[in-house]
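The structure appears right after this line, and notes come after that.
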Amino acid sequence: MHRCHSVEELDKAATHLLEDNPGKRVFAIYGNMGAGKTTLIKALCRYLQAVDVINSPTFAIVNEYKTQADDSLFHFDFYRIKNEKEALSIGFDEYIYSGAYCFMEWPEKIEALLPEDTVIVKIEVDERDYSRLISWEQGLDN
């Protein structure tokens with residue numbers, strides 16, 4: 001578990017998250033509204049050398065960002081999605097099994113579609129000092 005009081009500490013947590021999960025490409029990021037899901041994804045994309053501006057894809061459902069090496073990174077926001085069928089209609093399976101990094105906000109909306117080896121990331125806000133507690137585990141059955 002990582003406690004983050006600043007963006008710099010968040011960058012370190014993002015680095016540890018990716019380095020602790022070599023070869024993993026699918027990350028489901030859980031947290032309440034305002035917990036910092038998009039901010040964490042921005043840090044992950046910085047670490048992966050994204051060259052695009054990272055914004056939450058709340059209305060588009062998915063954004064694609066390119067890295068310096070011209071690899072794709074996919075950022076999903078399922079907050080407004082109605083059901084799993086809607087996720088499948090945007091080609092969710094193609095994204096998730098593409099081998100590209102996939103970072104998801106509000107994954108609880110499509111949990112049944114997630115691969116077993118999805119990295120589960122949880123962000124909690126400590127109300128005492130508003131720091132973020134970030135933890136992760138591999139696989140949905142942990």
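Read-outs throughout are calculated quantities, based only on the coordinates presented, and are distinct from any laboratory measurement. This is a predicted model, so every value here is computed, not measured. In this analysis, Cβ positions are derived from the backbone assuming ideal geometry, glycine residues included, and neighbour counts consider all displayed protein chains.
Report the residue count in the stretch 30-46 for those that are of a type outside the set (A, V, I, L, M, F, W, C), touching an Asp or Glu at 6+ places or on another chain (Cβ under 9 Å) and surrounded by 16 or more Cβ atoms within 10 Å (Cβ to Cβ). Please lay out each step first, then the result.
Step one: filter the stretch 30-46 for residues of a type outside the set (A, V, I, L, M, F, W, C), giving 30-32, 34, 36-39, 42, 46.
Filter once more, keeping what is touching an Asp or Glu at 6+ places or on another chain (Cβ under 9 Å): 30-32, 37-38, 46.
After this cut, where a residue has to be surrounded by 16 or more Cβ atoms within 10 Å (Cβ to Cβ) as well, the list is 30-31, 37-38.
Residues that pass the stated criteria total 4.
One line per residue, one yes/no per condition, for (1) closer than 24 Å to Ser135 by Cα; (2) of a type in the set (Val, Ile, Thr):
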site: Lys37; (1), (2): yes, no
site: Cys45; (1), (2): yes, no
site: Gln49; (1), (2): yes, no
site: Asp52; (1), (2): no, no
site: Asn55; (1), (2): yes, no
site: Glu64; (1), (2): no, no
site: Asp71; (1), (2): no, no
site: Ile81; (1), (2): no, yes
site: Leu88; (1), (2): no, no
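When residues of the stretch 24-53 are filtered for being part of a loop (DSSP other than H, G, I, E, B) and out of contact with any Leu (no Cβ under 9 Å at 6 or more places or on another chain), how many remain?
8
Of the residues that sit in the stretch 62-87 and are in contact with a Ser or Thr (Cβ under 9 Å, 6 or more places away or on another chain) and in a loop (DSSP other than H, G, I, E, B), which one is surrounded by the most Cβ atoms within 10 Å (Cβ to Cβ)?
The first filter runs over the stretch 62-87 and keeps only residues in contact with a Ser or Thr (Cβ under 9 Å, 6 or more places away or on another chain), leaving 63-66, 72-75, 77, 79-80.
Subset that is in a loop (DSSP other than H, G, I, E, B): 79-80.
Numbers: Tyr79: 15, Arg80: 13.
The residue in question is Tyr79.
Hey, any hits in the stretch 88-103 for a residue that's crowded, with 16+ Cβ neighbours inside 10 Å, β-branched (Val, Ile, Thr) and more than 23 Å from Gly34 (Cα to Cα)?
The answer is yes; a qualifying residue exists.
Kindly establish whether Ile81 is under 14 Å from the mean Cα position of the chain (by Cα) and not charged (D, E, K, R). Give the steps one after another, and end with the answer.
Values: under 14 Å from the mean Cα position of the chain (by Cα): no; not charged (D, E, K, R): yes.
So Ile81 does not fit the description; no.
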